[in-house]
Amino acid sequence: MLKQPHFRNLLFTWLVWAVIIIGFPVLLDTRLELKRPDRALSWTPNETARNSQNGKIYLLDPFMNRQVSWDSEFYLSIATVGYDDPAISVVEIPGGERLSKNYAFFPMYPYAMRIVRFPLQIFGLTPIATSTLAGVLVSLVGTLVGMLALFDLARAELEESGAYRAVFYLLIFPTGFFLAQVYTEGLFVALAFGSLALAHRKQLFWAATLAAFATWTRALGAVLIIPLALVWLDETGGWRSIRFSTQALLRGLLVLVPVLAYALWYITLGVQHGLVEDHWFGRSFWDMERFSAGVQFAVEQIMDGGNPQMRAYYLLEFFGVGLAIVACLATLRRYPGVALFGLIGLAITITTGAPQSLIRYVLVVPSIYIFLSRLGRNTAFDRGWIVFSILLLGMQLMLFSVDMWVA
């Protein structure tokens, strides 16, 4: 594989990017000190003071500490100890039940970390440091696989130069640094983009397999049933001239794999997940009441401008959602499965509660990079987007590395 020029180029691009993303916060620490607290949201001042991390043992280990913040605590806990880790605070559920906050998070990423951390124990690091290293490695390798899948998706239309451009836009997206942190984004793009690329090649079995793993990484993976169904329908003649056979029906069962994977997760962890998400994180499926109130509040903050940090935060959130919607609509005709995965997944994600973390959630929408790469055929747009995106990426990475709120 190394003999293929495009793979070598992608590999070296990934390697240089990873070194920069991991190393840049070290330089920032020697040159900048941000004023605390962060006032991006109504609750962030209480969580971003100088001593706000006290007691959160998974966020205090000095090893690769700039690659962990916020939800990293829970992934590290599950990977190191398990879901019922006594070091993680619990949520009081009405009726007297007490559940660890860990239950709000899907198992695939921390369990992958647990597998990878086993051989890493040879280095003699602390248990938390070993899990941190494992989490970063899983994210980085996942990102490389996601890059290859996105390249494969885009190459037929945009040729190699345009496919490279799409991959580069993924890496420099304003929240692209999450692909190298102890967060699920790196693994999810590997599984979801890989599933979409294999579905595009009509390799339904392997596409369904990756879709199942993607579903166990984030609930959004279940939406991959749509591109899988479109491939199966195309194989059987389409809606108007559908032809059934034993083989077609058996392959049709593969389409259901993401939903079956979701059902299996729900039976084992889903009830606890829903309770913690609702009662602590304030999120639930199709929560239009919280969503509407949150959007109204966000618009008021943008129009009022009394808190410039909050205004900038919400503008960036809405920019990300707007870009994702336009990109999905623009790619719907040529990439129906990819675009519908993005559109429906985005609709489900943004309606779980008040607008929050949306600029991170849209990172896993592949239509964005295909659409931007089309526009990037124009040299002026290409250079302009690179400058704009990298400046935002640097700002976001700086905030994350010192435990300020980003997404």
In terms of solvent-accessible area of protein heavy atoms at a 1.4 angstrom probe, what is the ranking of Phe291, Phe400, highest value first? Phe291, Phe400
List Val295, Val136, ordered by accessible area with a 1.4 Å probe, largest first: Val295, Val136
Find how much the distance from Asn9 to Ile390 grows on full extension, using 0.36 nm per residue of separation minus their present alpha carbon separation; answer in nm with one decimal. 135.1 nm
SASA check, Arg374, accessible area w/ 1.4 Å probe, all protein chains in place, rounded to nearest 10 Å², comes out at 50
How would Lys56, Lys202, Lys101 line up by accessible area, probe 1.4 Å, largest first? Lys202, Lys56, Lys101
Relative contact order (%) - criterion: Cα under 8 Å, at least six apart; region: the chain: 19
Can you give me the three principal axis dimensions of the stretch 32-172 from its C-alpha atoms, in Å, biggest first? 57, 40, 39
Label-point separation (nm) for Asn307 and Leu253, each offset 7 Å from Cα along Cα-to-Cβ? 5.3
Of Trp232, Trp206, Trp43, which has the largest mean-square fluctuation in a 10 Å C-alpha GNM of the chain? Trp43
According to the Kirkwood expression over distinct Cα-Cα pairs, how big is the hydrodynamic radius of the stretch 263-320, in Å? 13.4
What is the extension gain from Gln296 to Asp84, computed as 0.36 nm multiplied by their sequence separation minus the C-alpha to C-alpha distance, in nm to one decimal? 72.6 nm
Cα convex hull of the chain: how many Å³ per residue? 166
What relative contact order, as a whole-number percentage, does the stretch 248-369 give when Cα pairs under 8 Å and 6 or more residues apart are counted? 31
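Determine the per residue accessible area of the chain with all protein chains present and a 1.4 angstrom probe, expressed in square angstrom.
On a per-residue basis, the chain sits at 45 Å².
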Under a Cβ-Cβ cut-off of 14 Å, what is the net charge of the residues other than Pro174 that fall near it, where Lys and Arg count +1 and Asp and Glu count -1? -1
Nearest 20 debye, what's the magnitude of the dipole of the chain about its Cα centre given +1 on Lys and Arg Cβ and -1 on Asp and Glu Cβ? 1100
Given the protein chains as shown and a 1.4 Å probe, how many square angstrom of Glu159 are accessible, to the nearest 10? 120
Between the residues Tyr111, Ala154, Phe123, the Cα farthest towards the positive end of the dipole of the stretch 66-169, that dipole coming from +1 and -1 charges on the beta-carbon of Lys, Arg, Asp and Glu, is from Phe123
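So how much slack lies between Leu332 and His279, counting 0.36 nm per residue of separation and subtracting their Cα-Cα distance, in nm?
15.4 nm
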Among Thr351, Thr184, Thr30: highest mean-square fluctuation, GNM of the chain, C-alpha pairs under 10 Å: Thr30
How many percent of the accessible area of the stretch 268-407 is carbon or sulfur, using a 1.4 Å probe? 67
Between the stretch 118-183 and the stretch 260-317, what is the separation of their alpha carbon centroids in Å? 26
Residue with peak Gaussian network fluctuation, the chain [Cα springs, cutoff 10 Å], from Val326, Val223, Val138: Val326
What per residue convex hull volume, in Å³, comes out for the stretch 253-380 when only alpha-carbon positions are used? 136
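The values are calculated or read from the model by the stated rules, or taken from the named source; none is laboratory data. As the structure is a computational prediction, the values presented were derived from the model and not from experiment. Positions of Cβ are backbone-derived with ideal geometry, glycine not excepted, and every protein chain shown enters the neighbour counts. The protein model used for the area step is the full one, side chains on, heavy atoms only, and it has no ligands, DNA or RNA in it. Shrake-Rupley method; radii C 1.70, N 1.55, O 1.52, S 1.80 Å.
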